[in-house]
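Have a look at the structure below, then the notes.
FYI, it's all coordinate maths here, none of it is from the lab. Every value quoted in this text rests on a predicted model; they were computed, and no experiment measured them. Positions of Cβ are generated from backbone atoms using ideal geometry, with glycine treated the same way; all protein chains shown enter the neighbour counts.
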Amino acid sequence: MNKKDILSFTPAELEAEITALGEKKFRASQLFDWLHAKRVTAFADCSNLPGALTEKLDGLYVIPRAAVKRKLESRLDGTVKYLYEFADGERCETVLMSYRHGTSLCISTQVGCKMGCSFCASTKAGFVRDLTPSEMLLQVYETERDSGRKVESLVLMGIGEPLDNFDNVMKFLSLLSSEKGKNMSLRHVSLSTCGIVPRIRELADMKTGLTLSVSLHAPTDEKRSAIMPVNKRYDTAELMSACRYYFDKTGRRISFEFALISGVNDDPGTAKELIKLLRPLSPCHVNLIPVNEIREREYRRSAKVREFQKMLTDSGINATVRRTLGADINAACGQLRRDSIAN
């Protein structure tokens, strides 16, 4: 019999499981505290639970773990990149970063990615499966355990498309923000999507409070479809309409990610097209990203980042250049997992 993943249960689901075993409801609350606040790795460590119950739990459920297979620490800025392995041998990447405002963690939501963006390393090794709520939580829990640092903000911007794993991601966020667990406000969480329009609208209706970050990378259908296949299904007009809906519903400013690629999307004409596209969505924010160079593509970082930024800011659009962290350890997601598969 396959044991159930107890770390993925919400408080209500855990209560249903415990009462089905003939136990009192309060035992579920005690167990949730052990799992998500104290973060035990064995039922026997739950010292205020009866021995008979912990034996039952051990026979029916598993407390999953994530093993650190590789760990790289930047000598430049202290950024730490983890390659985690789960029970089935699949792996994902997680990056711990330090900013003036505190410690942030970038986590993965899938093993591999289906989206096929031509400049992204995450999609090169192919899609394998979705991550479970517990596997997303473990990236937080195990990183805090290993580093001794408290994660104060979270970015769902690692391997995978979060809105393609919608139900598991929403359950993970519910667990993450539970006052009985990590108790992280979702206002400290940013979710990055390449633009799955129906899910953006659904997320808007949920009013979670999180920040929506949209991977745009080109301002026209012709240019965007050439590097991002998702645009062939949800074009820029549909995407901008969904973004406006999100802002109107939540009042949360949207951030647009724009990876500048030399000779592809870094010219003044593209900047003007971007200004025209985003002006109706003001206030918004553009996060300019020097593209991460990968072996399979000849894409190169633009030397025109500051000129591009100035054109946006002069037009009244807030634009910043993403600070490059962990440059000496290839901290961009996808590279470490791909190399581990190749080896």
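Worth a mention:
- Footprinting exposure proxy ranking of Arg224, Arg252, fewest other C-beta atoms within 10 angstrom first, gives Arg252, Arg224.
- Expected 222 nm ellipticity per residue - DSSP helices of 4 or more, -39500 (n - 2.57), all of the chain, to 500: -10500 deg cm²/dmol
- Each Lys or Arg adds one and each Asp or Glu subtracts one; over the other residues with Cβ under 11 Å from the Cβ of Leu53, this totals 0.
- The residues neighbouring Thr10, those whose beta-carbon lies less than 13 Å from its own, together hold a net charge of -4 under the Lys/Arg +1, Asp/Glu -1 convention.
- Counted charge near Val321, where neighbours are those whose Cβ lies closer than 14 Å (Asp, Glu -1; Lys, Arg +1): +3
- Inter-centroid distance (Cα atoms) of segment 177-249 relative to segment 258-277, Å: 20 Å
- FRET efficiency estimate (nearest 0.05) - Cβ-Cβ, Lys3 to Ala37, R0 30 angstrom: 0.85
- Cα gyration tensor shape for segment 84-173, rounded if a/c is under 1.5, else prolate or oblate: prolate
- Mean separation of Cα contacts under 8 Å (6+ apart) over length of segment 67-342, as relative contact order %: 19 percent
- Residues in segment 256-271 that a label on Asp314 would reach, taking backbone N under 17 Å of a point 7 Å out along Cα→Cβ: 266-271
- Listed peptides 178-184, 259-265 by packing density, highest first (mean Cβ within 10 Å): 259-265, 178-184
- Sites Lys276 and Lys249, calculated FRET efficiency, Cβ-Cβ separation with R0 25 Å, nearest 0.05: 0.55
- Residue ranges 156-163, 37-44 sort as 156-163, 37-44 when ordered by packing (mean number of other C-beta atoms within 10 Å per residue, highest first).
- If R0 is 41 Å, the Cβ-Cβ spacing of Glu298 and Glu152 corresponds to a FRET efficiency of close to 0.60.
- Cα gyration tensor shape of segment 4-62, rounded if a/c is under 1.5, else prolate or oblate by comparing a/b with b/c: rounded
- Point-to-point label distance, Lys114-Arg201, nm (Cα→Cβ direction, 7 Å offset): 1.9 nm
- Computed over the chain, the P(r) curve from all C-alpha pair distances, binned at 10 Å from the origin, holds 5, 24, 32, 23, 10, 4, 1, 0 percent per bin.
- An oblate overall shape is assigned to segment 115-213, the ratio a/c of its alpha-carbon gyration tensor axes (a ≥ b ≥ c) being 1.5 or greater and a/b not exceeding b/c.
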